[in-house]
1. Answer yes or no as to whether Asn75 is surrounded by 15 or more Cβ atoms within 10 Å (Cβ to Cβ) and in the same structural domain as Gly139 (by TED's automatic domain parsing).
2. Which of the residues that make up the stretch 137-166 are more than 26 Å from Arg69 (Cβ to Cβ) and either surrounded by fewer than 21 Cβ atoms within 10 Å (Cβ to Cβ) or of a type in the set (Gly, Ala, Ser) (or both)?
3. Could you run through the stretch 84-100 and say how many residues are in a helix (DSSP H, G or I) and under 30 Å from Tyr12 (Cβ atoms)?
4. Can you list residue pairs whose Cβ atoms sit under 8 Å apart, with the first residue in the stretch 3-14 being over 14 Å from Val188 (Cα atoms) and the second being among the aromatic types (Phe, Trp, Tyr) and at pLDDT 95 or above? Count only pairs 6 or more apart in sequence or on different chains.
5. Taking the condition polar (S, T, N, Q) and surrounded by 13 or more Cβ atoms within 10 Å (Cβ to Cβ), does Thr123 pass?
6. Would you call Phe119 of a type outside the set (D, E, K, R), touching a strand residue (DSSP E or B) at 6+ places or on another chain (Cβ under 6 Å) and in the same structural domain as Gln158 (by TED's automatic domain parsing)?
Amino acid sequence: MAFELPPLPYDYTALEPHIDEATMKLHHDKHHAAYVSNLNAAVEKHPELGKKSVEDLLKDLNAVPDDVRGAVRNNGGGHANHTMFWEIMKPGASGEPTGAIAEQIKKDFGSFEDFKKTFNETTAKQFGSGWGWLVWKDGKLAIVTTPNQDSPLSQGLQPILGNDVWEHAYYLKYNNRRPEYLAAWWNVVNWNEVNKRFEQAKK
Ligand code: MN
């Protein structure tokens, strides 16, 4: 298989009480797994695509043949987005940014509280399924949303951090209360990993 489901880097219960075990099991083992298997099915028809990284596929969707472009956009996006998502979370996180990203957030948004408020409000308003992102754009941090599994990479933007607001990410625990999930999520953000992505995005 060209693409593989990465193992969850911690236990299913590790992000409790903010993200529950049942959600983590379904989200990783069923949802993410399905994106990987559908992506593999799509690239099977064009084996040269399987030699590229999923990020490279998403950065240049025009280079993907017409008959599988939609499948690569949706399932390649789903694979890349979720792989990042597991990595930028961790148990026992501090809840507060550290290092260079902390400084940049202060510079571009005034304070971490102001940044969180804007991110949460913007992402809460994403209609239907999608993602909220922190990206590096024109020499500063910016908050954007994408529908479905669209990746910022396809718009030439490097994701630094992203939160999944598909209902499958929060509905079992938070039901329809997306803003409550968004507020709780900051408790599990792995700022060391976010700092690594910030460094890459600036290059
Ligand atoms: Mn998801």
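1. On the way: surrounded by 15 or more Cβ atoms within 10 Å (Cβ to Cβ): yes; in the same structural domain as Gly139 (by TED's automatic domain parsing): no.
No; evaluated as a whole, the condition is false for this residue.
2. Asp138, Gly139, Lys140, Leu141, Ala142, Ile143 - these are the residues of the stretch 137-166 that are more than 26 Å from Arg69 (Cβ to Cβ) and either surrounded by fewer than 21 Cβ atoms within 10 Å (Cβ to Cβ) or of a type in the set (Gly, Ala, Ser) (or both).
3. Within the stretch 84-100, the first condition is being in a helix (DSSP H, G or I), and the residues that meet it are 84-87, 99-100.
Now restrict to residues that are under 30 Å from Tyr12 (Cβ atoms): 84-87, 99.
Qualifying residue count, the stretch 84-100: 5.
4. Pro6/Trp86; Leu8/Trp86
5. Working: polar (S, T, N, Q): yes; surrounded by 13 or more Cβ atoms within 10 Å (Cβ to Cβ): yes.
Yes; evaluated as a whole, the condition is true for this residue.
6. yes
Conditions tested, residue by residue: (1) more than 16 Å from the ligand (Cβ to nearest atom); (2) within 28 Å of Val72 (Cα to Cα).
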residue: Ile105; (1), (2): yes, no
residue: Asn120; (1), (2): yes, no
residue: Gly139; (1), (2): yes, no
residue: Thr145; (1), (2): no, yes
residue: Gln149; (1), (2): no, yes
residue: Pro159; (1), (2): no, yes
residue: Tyr174; (1), (2): no, no
residue: Lys202; (1), (2): yes, yes
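Listed here are the residues, each with its yes/no results for (1) at negative phi; (2) within 12 Å of the ligand (Cβ to nearest atom).
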{"residue": "Pro6", "(1), (2)": "yes, no"}
{"residue": "Asp11", "(1), (2)": "yes, no"}
{"residue": "Leu15", "(1), (2)": "yes, no"}
{"residue": "His28", "(1), (2)": "yes, yes"}
{"residue": "Pro47", "(1), (2)": "yes, no"}
{"residue": "Leu61", "(1), (2)": "yes, no"}
{"residue": "Arg69", "(1), (2)": "yes, no"}
{"residue": "Gly95", "(1), (2)": "no, no"}
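The values are calculated or read from the model by the stated rules, or taken from the named source; none is laboratory data. Values in this document were obtained by computation on a predicted structure and should not be read as measured data. Please note: Cβ atoms are built from the backbone with ideal geometry, for glycine as well, and neighbour counts cover all protein chains shown.
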